[in-house]
Amino acid sequence: LVGTFGDPLTPPLSPQPLPYVAPVPGGLRPGMAVYVQGVVTPQPDWFRVNLATGPQEEADVALHVNARFGAGVSVLNSRRGGHWGDEQRRDLHPLCPGGPFEMVISVTPEGYRVLVNGTFYEEFPHRLPPEQVTAVNVDGDLELHSASVLGLGALRVGFGFWGICWDLGGPGGVSPHSEPPLCAPQPVPFIATIPGGLIPKKTIIIKGFVPHHANRFHINLRAGPGGDVVLHLNPRMDEGDAVVRNSFLGGGWGHEERDIGCCSPFQRGRYFDLSIRCGNHRFKVFVEGQPLFDFHHRVPAGPHVDVLEIEGDVVLSYVHF
């Protein structure tokens with residue numbers, strides 16, 4: 001069984017049927033990364049992430065990351081021509097039964113650097129050329145919330161909880177000869193310019209984690225630095241399920257919108273996968289691929305709305321526009 005063959009830039013819905021296979025058009029290169037987010041089942045035996053040369057189960061595997069809960073270890077290995085190589089082993093921590101996790105596998109000229117929940121986990125040298133990796137295969141005892149290949153032309157933010165990495169590569173992502181993006185601890189506030197501004201059909205994707213101590217955070221879409229805020233999205237964990245939307249125009253706040261008709265998806269200790277799509281007359285906001293609310297334009301959107309701000313009690317993993 002090969003499983004679902006997904007879009008390399010569109011995260012799967014939650015939970016995704018397993019095994020899940022995401023294509024890697026053109027293979028991996030230094031500066032790219034693989035992002036996997038999910039929750040380990042309460043009584044797991046194992047789960048694994050394979051960077052493979054094809055979607056078939058018998059394909060060569062450039063990197064095999066296998067969490068074995070019965071043995072209390074994680075195994076890293078490779079497979080070529082049906083034969084496994086020498087194993088690298090380490091303890092499972094911070095992977096634990098029933099716990100959420102975020103794994104980022106970044107590609108360097110020398111090999112793969114694995115981070116779990118923002119903490120360095122392991123390094124693994126190249127045994128196969130990364131350019132031969134054409135599929136990411138995830139399977140086992142987990143609920144898969146997101147699996148993405150980063151560096152295919154997206155703006156990348158985040159190698160785990162605390163690492164912020166930038167790549168403004170054009171079509172095709174970074175150059176095969178470019179250095180890996182710099183990663184350094186950098187908390188929010190996050191401010192970025194949106195190339196071309198918020199024109200109709202533009203979508204912003206934000207993935208992150210709400211810390212256990214979080215009170216609130218906000219996302220602003222502005223008309224230039226310090227300009228009007230055409231959309232202010234403000235989850236308030238300290239007010240229960242409040243998800244406040246508003247605008248700040250001409251020096252004053254407008255009328256708040258709060259109703260979402262359901263419980264807030266922004267909960268302490270949980271990940272979120274948020275999409276904001278700009279339409280001709282409104283913003284449509286989705287979480288985990290499901291509609292959350294619409295916010296009708298109070299002033300026209302367009303190229304002048306070109307600043308994204310994120311601030312407050314949130315940890316960013318990935319931003320794409």
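Computed quantities for the displayed model
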| item | result |
| --- | --- |
| Pairs where the first residue, in the stretch 288-312, is under 22 Å from ARG268 (Cβ atoms) and the second is at pLDDT below 95 and of a type in the set (Ser, Thr, Tyr), C-beta under 7 Å, 6+ apart | GLU288/SER14 |
| Of all residues making up the stretch 268-284, the number that are without any contact (Cβ under 8 Å) to a residue 40 or more places away in the chain and either surrounded by 19 or more Cβ atoms within 10 Å (Cβ to Cβ) or over 24 Å from the mean Cα position of the chain (by Cα) (or both) | 2 |
| Of residues in the stretch 101-133 being outside any strand (DSSP E or B) and surrounded by 18 or more Cβ atoms within 10 Å (Cβ to Cβ), the one modelled with the lowest pLDDT | GLY118 |
| Residue check for ALA52: crowded, with 18+ Cβ neighbours inside 10 Å, of a type outside the set (D, E, K, R) and either assigned by TED's automatic domain parsing to the domain that holds PHE272 or touching an Asp or Glu at 6+ places or on another chain (Cβ under 8 Å) (or both) | yes |
| Residue list for the stretch 82-100, restricted to those being of a type in the set (A, V, I, L, M, F, W, C) and either at pLDDT below 90 or surrounded by fewer than 16 Cβ atoms within 10 Å (Cβ to Cβ) (or both) | TRP84, CYS96 |
| Number of positions in the stretch 244-267 that are more than 12 Å from ASN234 (Cα to Cα), surrounded by 14 or more Cβ atoms within 10 Å (Cβ to Cβ) and at pLDDT below 95 | 3 |
| Complete set of residues in the stretch 1-47 that are among the charged types (D, E, K, R), crowded, with 18+ Cβ neighbours inside 10 Å and either modelled with pLDDT under 85 or within 28 Å of PRO265 (Cβ to Cβ) (or both) | none |
| Within the stretch 285-316, tally of residues that are among the aliphatic types (A, V, I, L, M), in contact with an Asp or Glu (Cβ under 9 Å, 6 or more places away or on another chain) and surrounded by 17 or more Cβ atoms within 10 Å (Cβ to Cβ) | 3 |
| Looking only at the stretch 297-319, and only at residues there that are in a strand (DSSP E or B) and over 18 Å from the mean Cα position of the chain (by Cα), the one that is farthest from GLU257 (Cα to Cα) | VAL307 |
| Subset tally (residues that are of a type in the set (Lys, Arg), within 17 Å of ASN66 (Cβ to Cβ) and free of Cβ contacts under 8 Å to residues at least 60 places away in the same chain) for the stretch 87-140 | 2 |
| Test for VAL138: is it touching a Phe, Trp or Tyr at 6+ places or on another chain (Cβ under 9 Å), at pLDDT 95 or above, of a type outside the set (Asp, Glu) and buried (at least 16 other Cβ atoms within 10 Å of the Cβ) | yes |
| Residues (basic (Lys, Arg) and in contact with a Lys or Arg (Cβ under 9 Å, 6 or more places away or on another chain)) located in the stretch 193-214 | LYS201, LYS202 |
| Qualifying position, being of a type outside the set (Ser, Thr, Tyr), touching a strand residue (DSSP E or B) at 6+ places or on another chain (Cβ under 7 Å) and not in a strand (DSSP E or B), among PRO25, PRO94 | PRO94 |
| Residue list for the stretch 28-66, filter: in contact with a helix residue (DSSP H, G or I) (Cβ under 7 Å, 6 or more places away or on another chain), among the aliphatic types (A, V, I, L, M) and not in a strand (DSSP E or B) | LEU28 |
| ALA214 in contact with a helix residue (DSSP H, G or I) (Cβ under 8 Å, 6 or more places away or on another chain) and modelled with pLDDT of 90 or more | yes |
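For every residue, the table says whether it meets (1) assigned to a loop (DSSP other than H, G, I, E, B); (2) within 29 Å of HIS304 (Cα to Cα).
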{"position": "GLY227", "(1), (2)": "yes, yes"}
{"position": "HIS232", "(1), (2)": "no, yes"}
{"position": "VAL244", "(1), (2)": "no, yes"}
{"position": "SER247", "(1), (2)": "no, yes"}
{"position": "ILE260", "(1), (2)": "yes, yes"}
{"position": "CYS263", "(1), (2)": "yes, no"}
{"position": "GLN267", "(1), (2)": "yes, no"}
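The values are calculated or read from the model by the stated rules, or taken from the named source; none is laboratory data. No experiment lies behind these values; they were computed from the predicted model shown. Ideal geometry is used to build each Cβ from the backbone, glycine not excepted, and the neighbour counts take in all protein chains shown.
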